[in-house]
Structures are given as C-alpha cells and as structure tokens.
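Working notes, beginning with the structure itself.
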Amino acid sequence: MKKYGELNTVQKQRKGDKIDPDTTSFMARTRQASLDRFSQDVLQHASAIKGIVLYSWIETKASTGIMAFDSGITETMCVKVRIPELHAGVFPEPTSIPTANNPSAPADWETISRYPTFFAKDTAVLELGLPQPGTIVHVDFENRYTQTNPIYLGPVEISAILSVPGDPSPKDNHKDTGGTKRGSTITEDEKLETSNSTVTLITPNPRFEENRVRLGAFSSLSSNSPLLVATLGGAKVHKLFAARIRAMNEAWVAETNKPPLAGSNGWRHKPEIRYAWLKQPNSSRFKRFAKQNNGAKNLLGALNRGEANHFKLWEAMLLDEYNGNLRLGKQRRAWNSPHQTGLAIDFTNNGLSTSTRRVPISKQKESLAWQWLKKNAHRYGINPYINEPWHWECILTRESFASGEEFSPANYNVKVVETSQNTGKTTSNFIYAKQKFT
C-alpha cells in the first residue's frame, strides 16, 4: 500500500502543537495529528486529494447531506479511503482489505472501520460504479480546513489532473482589454463557427449582474478535453475560468483569511452520457432506479413502445421519479446545463452548499462568502446565477472558449457581449439554452 508522500505532494511539514491527552477529545487529537502530518497548505492548494480505496458499498437512505441536491436521491455510494499523508500516524494501516468489496471476505475490518467514509458527490459519480479496494481515487472535503463533509470524486484519471502552465493571473484588474486570438483545441464534434458574431468587451464588468452561459452558444466538452482543468475541491472547469477563479481566490484569502472557495461540481457530461442507463434496462443503475420508483412504469413503458429518443426517455424517467409531476421534475433536474461547457461551478464551502435542505438559501446569503462574491466576483469576469447563491459562471468569447487562448490577459474585469450577426441576439439570450447559436 502507498506510503506517506507517495500519493500527494507534501510541500512542507510543521511541528504540531502539544496536546494534553487527558483534556483533549479523541476527535480533536485525530484532527490535530492529521494537520501536523499533512500541512494546511497542501490541503488548501492541491487540486484534488488522492487516496486508496479500502472498501466501498451502496447505502440507501433519506436525501440528506452531501448527496441531497434537492433531486430525490435516496441511494448513496460510500467509500472508505486511506490518505497516507493525512492518516499515517493517526490510524494503523490495514493488514488486509477485502476482495471485490465482498463484506464476507477476510479483511482487517476493525481497522478499516476507523477510516473516514467519503460520499459520492453526485449521480454522475454514482453511475461510475463502486471503486474496487486497492484502487487510487480522488477525494476531497467540503471544508478542507476542518476536514468535514468528505466527498468521493471518482477514480483517478489523467484528464482530471491536467496542469495549466503559463496561465495568466493578472493582479491589476482595471486596465484596458486586449483582443482575441484564433485557433482551436475543440474536438471535431465540438467545433464552433466563430466568424458569425461581433464581440464587445465592456469595462468594468457590472457588479452582481447575470450574464448567463447558454450551452447552445458554446458546446459540451468531452471528459478528456485539454481545455478542462481541476480546481480546488475537484471540480473541472475551462482553463480560462480556472485562471479567474485562482485570481479571485488570491484576493478572497488575502482579504478574509478564510480557506479558498472550492467546489466539487463543475463540468458535467452531456445528458446522453449522464443518462445512458435509461436505454439499459438490464443495468444495475436502471434496476436500482426501478426499485426506488415504483417499478419505473413510465420509463419501461416508453422502452416497450420502442421509444429511442433520449430526451423523451428522460421525461419518462422524471414522471416516475416525481410521481407524474413533469414540471417539478424539470425544475429539479436539467437536461442541458451550462456545466457541460466547463464555464459554471458550484462553490460548496465557506457557508455555500448545493443542498438547500442542509443550508437554506436564506442562510447562504448571510455567509461572508456570498456577500464577498456579490461585491467582488465581477472583477474577475465571474457572474452569478441569482437564484442559486452557490452557482457562478464565466462568459468567454466563443473564440477563446474554443482555443483556450486568453482574450483579455491584462484584465479580467470585463463583460463579454457577443452578438450574432444573423439573429442580433447575444450568447446569453435564453433561446440558446435550447438551440444552437447561429
């Protein structure tokens, strides 16, 4: 099994404060020992944390906590994970782990049970299937400083940890803007026609004003796109958006002395991939859904009629999941999403959360993070979705989205207004949530 420093780079060590075991609780000693072994700098600045799976299982329970997302989820993936740089010196290393997640297999279950349980961050991760014991995975914490609300992000992939050498991170956000550059790193099925529009850059970017990302104005990025990079919390976003988040976090940390803003939910697969299981009635995912939703009568009925349209199958799924209330289902779940572009992120720490059951919107709007973002995010070209305090977006020029080349290297405090020469509508117009930009 991997040892200390082999999975996660340890930038520096610090000597721990002396702890009196007679007056300090076990949990407090555990947390302090972890911080002594794995410095706060590593926790705060690593894009994602690697760990070793000890055991994983599916647990059915009420929709609360990290898996809630107000979407009726009742099934949670639970993963026991060992992070050598956090747990060495805190928990003993298991002498053995089970084979193929078999709960009856011989294993050092007593030691395994002492390790933290990480919960799958969303249904997309759930659909990847259970990670096998001994495999390396990405995990994180909703609050890295306190190491609370552990999140399982999925198996380690090269595309999830791409570096972005030379990304600009300007300190001065009040200079005149530069121009756009041509080129493309979009794959064939994602190419954009970028010569049919006019771009206006407005300085400064208006404070706390929506400038919505519409999927039809950009495109769904593939999981291995070189345009996607991991951010704090594990979320992958477009590389130019990542540069803006880093610059914004520098200011946030300097001004508030709080942990950087982080999120585990950024880029998502396009719906045909997220919901591929709708066409696979023999899959375990389909069977779980049917068991939880009265046999999935609407979805199975559509399949038996020969329905092949993925969107219509998705609507049938919503009818099953929301007891015939399609309107409510579409409010809770989106078919197309700005997240598919990598230009949207959900911040899930410092008082912000995607779970309104756990942290009501009214409470989130009282947080220092939301108040600071409301006042400052625009300076970094980052705009709100006003209905969701955790959700923030970044509009780029379509050329720069496709090429990954910076269109405003000296200044992020600009509003991009890109207008179609054919329709006279901007990329943020609602019609491009459903149709292609022309």
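The values are calculated or read from the model by the stated rules, or taken from the named source; none is laboratory data. This structure is a prediction, so every number in the text was calculated from the model and none was measured. With ideal geometry, Cβ positions are generated from the backbone for all residues, glycine too; neighbour counts draw on all protein chains shown. Accessible surface areas use protein heavy atoms only, side chains included; no ligands, DNA or RNA. Shrake-Rupley method; radii C 1.70, N 1.55, O 1.52, S 1.80 Å.
Before moving on, here are some points about what is shown:
- The lone exception for residue 267 - which of (1) modelled with pLDDT of 90 or more; (2) within 20 Å of residue 223 (Cα to Cα); (3) surrounded by fewer than 17 Cβ atoms within 10 Å (Cβ to Cβ) it fails: (3)
- Qualifying strands (runs of 3 or more DSSP E) (wholly inside region 292-405; at least 3 residues being open to solvent by less than 60 Å² (accessible area, probe 1.4 Å) and either without any contact (Cβ under 8 Å) to a residue 40 or more places away in the chain or of a type in the set (A, V, I, L, M, F, W, C) (or both)): 388-393
- Residue match in region 85-99 (condition: in contact with a strand residue (DSSP E or B) (Cβ under 7 Å, 6 or more places away or on another chain) and at pLDDT below 90): no
Residue-by-condition table, conditions (1) touching a His at 6+ places or on another chain (Cβ under 9 Å); (2) surrounded by 18 or more Cβ atoms within 10 Å (Cβ to Cβ); (3) assigned to a helix (DSSP H, G or I):
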residue: 99; (1), (2), (3): no, no, no
residue: 104; (1), (2), (3): no, no, no
residue: 110; (1), (2), (3): no, no, yes
residue: 119; (1), (2), (3): no, yes, no
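- Test set (1) within 18 Å of the chain's Cα centre (by Cα); (2) surrounded by fewer than 21 Cβ atoms within 10 Å (Cβ to Cβ) - residue 281 fails condition number: (1)
- Qualifying residue in region 241-251 (condition: open to solvent by less than 30 Å² (accessible area, probe 1.4 Å) and without any contact (Cβ under 8 Å) to a residue 24 or more places away in the chain): yes
- Flag for residue 428 being open to solvent by 10 Å² or more (accessible area, probe 1.4 Å) and over 19 Å from the mean Cα position of the chain (by Cα): yes
- Positions within region 94-125 being touching a helix residue (DSSP H, G or I) at 6+ places or on another chain (Cβ under 8 Å) and within 25 Å of residue 149 (Cβ to Cβ), in sequence order: 94, 97, 115, 119, 120, 121, 122, 123, 124
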